[in-house]
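Right, one structure below, let's go through it.
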Amino acid sequence: MTDPVFRDQPYEREIAARIAGRDERGIWLDRTVFYPRGGGQAGDAGWLAMGDGREVEIADTVKGEGDADILHVPTPGQEALVGELSAGTPVTARIDWDRRHRHMRFHTATHLLCAIVPHQTNGCSITSGYARLDFDMVEPLDREHLERELGRLVSEAHDVRTVWITDAELDAKPDLVRTMSVKPPRGVGRVRLLQIDGVDLQPCGGTHVANTREIGALKIVKIEKKSARTRRVVLEFATPA
Ligand SMILES: [Zn+2]
């Protein structure tokens, strides 16, 4: 299995790793900083640099199965270069940091939105260009209110941290579970929670910024009645990169 370094060190942009295997789906490593698409967050893109400086460009990262649990998917047209990679080959795995940092900022922003809107979510998409969140609700949403509250939570500079909690601890704290905008899964022993101090606490496996201030100014570009029971909110950065 791949050591998912991004989980505890989301700010690591590159890491020395070794090829663990590859097949037609992609390449897997012994350890990686590439986040695989999941939980609504897009997979990372970047490069695997070989010892002689040549680089395999990675277009996407997805979840696989078994030992190939994190698949780095090369951009098409590099078959000869990829063919030189075999188990044990050392590489430097480097993500497209600008893109990933936007994912982290947007992802953290979706947690703020969850804290502002007191309804369950039933869909989420986080890309480098926008974040989209679907709420299970029938009431209308007020754009100005949401934008103002997002701006407040960003400027209040709340620290963001991950905490692990066991099933037993969750069972002992029903009040804590009641306050969560998303209920944690049971039966896996330990659950990773994302905590935004004083704002939000919910199970999440994605990558986030360390403080809400780092998200920067946001704007709501769309509030849409997606279905009778779904309201969709689309966020962008107020200042394009
Ligand atoms: Zn999250």
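Just so it is clear, none of the values below were taken in a lab; they were calculated from the coordinates. These numbers come from a predicted model, not from an experiment. Methodologically, a virtual Cβ is constructed for each residue, glycine included, from the backbone with ideal geometry; neighbour enumeration extends over all protein chains shown.
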Q. Considering amide H positions built from the backbone, and no H for Pro or chain starts, which residues 5 or more places from Asn211, or on another chain, come under 5 Å of its amide H?
A. Val160
Q | For the stretch 72-103 versus the stretch 171-241, the gap between their alpha-carbon centres in whole angstrom | A | 30 Å
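Test of understanding: what is the full-extension gain from Lys183 to Glu214, defined as 0.36 nm times their sequence separation minus their Cα-Cα distance? Before the final figure, lay out each step's value.
On the way: separation 31, 0.36 × 31 = 11.16 nm, distance 2.65 nm.
So the extension gain works out to 8.5 nm.
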**Q.** Using distinct alpha-carbon pairs, which all enter the 1/r mean, Kirkwood radius of the stretch 1-157 in Å
**A.** 17.1 Å
Q | Scattering profile of the stretch 88-133 at q = 0.15, 0.25 Å⁻¹ [log10 I(q)/I(0), Debye over alpha-carbon scatterers] | A | -0.49, -0.88
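Treat the stretch 84-241 as a sphere of radius equal to its Kirkwood radius over Cα pairs and apply Stokes-Einstein at 4 °C in a medium of 1.567 mPa s; give the translational diffusion coefficient in µm²/s, rounded to a whole number. Let's see the in-between values first.
Values: Rh = 16.9 Å.
Once the numbers are plugged in, D ends up at 77 µm²/s.
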Q) Counting Lys and Arg as +1 and Asp and Glu as -1, each charge on the Cβ, what is the dipole of the stretch 44-127 about the Cα centre in debye, to the nearest 20? A) 520 debye
Q: For the stretch 166-241, build the convex hull from the C-alpha positions and give me its volume per residue in Å³.
A: 141 Å³
Q) Over the chain, what is the relative contact order in whole percent, taking alpha-carbon pairs under 8 Å and six or more residues apart? A) 19 percent
Q. Expressed as an acute angle from 0 to 90° and rounded to the nearest 10, what is the orientation of the C-alpha long axis of helix 97-116 relative to the principal long axis of the chain?
A. 20 degrees
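Could you give the length gained by full extension between Glu147 and Arg99, i.e. 0.36 nm per residue of separation minus their alpha carbon distance, to one decimal place?
Working: separation 48, 0.36 × 48 = 17.28 nm, distance 2.33 nm.
Answer, rounded to one decimal: 14.9 nm.
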Q: Specify the residue with the greatest mean-square fluctuation among Arg105, Arg178, Arg31, computed from a Gaussian network of the chain linking alpha-carbon atoms under 10 Å apart.
A: Arg178
Q: Note down the magnitude of the dipole of the chain about its Cα centre, charges +1 on Lys and Arg C-beta and -1 on Asp and Glu C-beta and zero elsewhere, to the nearest 20 debye.
A: 700 debye
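How long is the gain from Val234 to Asp69 if the chain were fully straight, where each residue apart is worth 0.36 nm and the alpha carbon distance is subtracted? Kindly include the intermediate steps, with their values, before the conclusion.
Working: separation 165, 0.36 × 165 = 59.40 nm, distance 3.06 nm.
56.3 nm is the gain from fully extending Val234 to Asp69.
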Q: Measure nothing fancy, just the Cα-based angle from helix 143-155's long axis to the longest principal axis of the chain, in degrees from 0 to 90, nearest 10.
A: 60 degrees
